[in-house]
Amino acid sequence: MRTVLKDIHPFNFQKIADGGQAFRWNLQEDGAYIGVVGDSVFEISQKGDGLVIESNGENDIIQFIKEYLDLNRNYNELEMEMLKFKELIPVVGFSSGYRILYQDPWETTISFIISANNHIRNIKNTIESICRAYGEPINYKGKMYYKFPSPEILAGVSEDELKCTKCGYRARYIIETAKIIADGQLDIYNLNKKPTQEVRAKLVTLPGVGRKVADCIMLYSMRKFDAFPIDVWIQRILQHMYFDDKKTPLAKLQKFAEDRFGEIAGFVQQYLFYYSRNRGQDIVK
DNA sequence: AACCAGGTTATAA
DNA sequence: TTATAACCTGGT
């Protein structure tokens, strides 16, 4: 399947793919990105406002990837909302084109458990190893790619074996969480129907999932846009912009951001994150 | 060689 | 309720 989408704006796939919300997109020599989403391989290249999407999936995969890329949302409108906060004017200008992907809750949960106290290169390597070791293969243009393994599969892996993927002490969290999901103790695919507070409370019961990871899961896979994950970058930029560069407790930053940005907090977080990480330097891999 | 990187957890005040 | 240390791994 191959399709061309036009007049997509604002949209910047490089920002989206390398922005830290997804870990399975890899830049090719020709400038395209290849990644596995769900059961299919996708190859995406952007030329201005046009998007070329290739996939081993069938035609009905187009709607799927449009949802994934959040193409049905009006980001012009959204950016107008953000610009009502005057201090965000340079942030929106810098980060425009970023989008919040709509990812799989299970994969997102495990990915962000791995992300804790870790950095992107390691996170990507570990996730890729896990998929290669336990995920089903997909052939795309003569090369092998691998799906993200199911909860049932990871629930059955031993801790020592999983540690071969360099996830370290997180191996235990991954397996225990997989067991809870596989057993049906937590129905992660229907969680989004509940209010944010309630979903968060459920998510943090999973081993390896704290406040920050829970908010990432909600924001990237459940469309809970009032979630506002605070990592060191967000902490830095919030302290810089609103707290006179003074070290401020996470709880205080959290409440501040939620009160100030409300329903669009998650979008603001993404734009701030990208701004905080990348302004004045090259885009980090 | 010591320290850090997109936090969570256990433990103690 | 809030603060502090330990934690796999890979890199500087």
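The values are calculated or read from the model by the stated rules, or taken from the named source; none is laboratory data. Worth saying up front: this structure is predicted, and the values here are computed from it rather than measured. Here Cβ is always computed from backbone atoms with ideal geometry, including for glycine, and neighbour counts include all displayed protein chains.
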Flag for A:VAL41 being buried (at least 17 other Cβ atoms within 10 Å of the Cβ) and closer than 19 Å to A:VAL268 by Cβ: no
Residue identified as part of a helix (DSSP H, G or I), out of contact with any Phe, Trp or Tyr (no Cβ under 9 Å at 6 or more places or on another chain) and in contact (Cβ under 8 Å) with a residue 24 or more places away in the chain among A:ARG260, A:ARG200: A:ARG200
Considering residues of the range A:71-122 that are within 16 Å of DNA strand B (Cβ to nearest atom) and of a type in the set (A, V, I, L, M) only, the residue surrounded by the fewest Cβ atoms within 10 Å (Cβ to Cβ): A:ILE120
Hey, A:MET222 in contact with a Pro (Cβ under 7 Å, 6 or more places away or on another chain) and either within 25 Å of A:ILE130 (Cα to Cα) or among the hydroxyl-bearing types (Ser, Thr, Tyr) (or both) or not: yes
Breaking point among (1) away from DNA strand C (no atom under 16 Å from the Cβ); (2) over 28 Å from A:ILE130 (Cβ atoms); (3) part of a loop (DSSP other than H, G, I, E, B), for A:LEU206: (2)
Subset of the range A:27-52 (residues that are at pLDDT 95 or above, touching a helix residue (DSSP H, G or I) at 6+ places or on another chain (Cβ under 9 Å) and part of a strand (DSSP E or B)): A:TYR33, A:GLY35, A:VAL36, A:VAL37, A:SER40, A:PHE42, A:ILE44, A:SER45, A:GLN46, A:LEU51
Scan of the range A:238-263 for residues that are away from DNA strand B (no atom under 12 Å from the Cβ) and crowded, with 18+ Cβ neighbours inside 10 Å, ordered by number: A:LEU238, A:LEU253, A:ALA257, A:PHE261
The range A:100-142: number of residues that are within 15 Å of DNA strand C (Cβ to nearest atom), charged (D, E, K, R) and either in contact with a strand residue (DSSP E or B) (Cβ under 6 Å, 6 or more places away or on another chain) or under 24 Å from A:TYR271 (Cβ atoms) (or both): 3
Hits in the range A:154-207 (condition: among the aromatic types (Phe, Trp, Tyr), exposed (fewer than 15 other Cβ atoms within 10 Å of the Cβ) and in contact with a helix residue (DSSP H, G or I) (Cβ under 8 Å, 6 or more places away or on another chain)): A:TYR189
Residues (within 14 Å of DNA strand C (Cβ to nearest atom) and either among the charged types (D, E, K, R) or within 30 Å of A:ILE65 (Cα to Cα) (or both)) located in the range A:232-256: A:LYS246, A:LYS247, A:LYS252, A:LYS255
Residues located in the range A:27-68, provided they are under 16 Å from A:LEU101 (Cβ atoms), without any contact (Cβ under 8 Å) to a residue 24 or more places away in the chain and in contact with a strand residue (DSSP E or B) (Cβ under 8 Å, 6 or more places away or on another chain): A:TYR33, A:GLY35, A:PHE42
All helices (runs of 4 or more DSSP H) inside the range A:69-178 with 3 or more residues being free of Cβ contacts under 8 Å to residues at least 60 places away in the same chain, of a type outside the set (Ser, Thr, Tyr) and under 27 Å from A:ILE230 (Cβ atoms): A:75-83, A:120-134
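Among the residues of the range A:222-231, is there at least one that is in a helix (DSSP H, G or I) and surrounded by 14 or more Cβ atoms within 10 Å (Cβ to Cβ)?
No, every residue in the range A:222-231 fails to be in a helix (DSSP H, G or I) and surrounded by 14 or more Cβ atoms within 10 Å (Cβ to Cβ).
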Pairs with Cβ under 7 Å, 6+ apart, first in the range A:1-20 and touching a residue at least 24 places away in the same chain (Cβ under 8 Å) and of a type in the set (Val, Ile, Thr), second in a helix (DSSP H, G or I) and surrounded by 15 or more Cβ atoms within 10 Å (Cβ to Cβ): A:THR3/A:ILE62
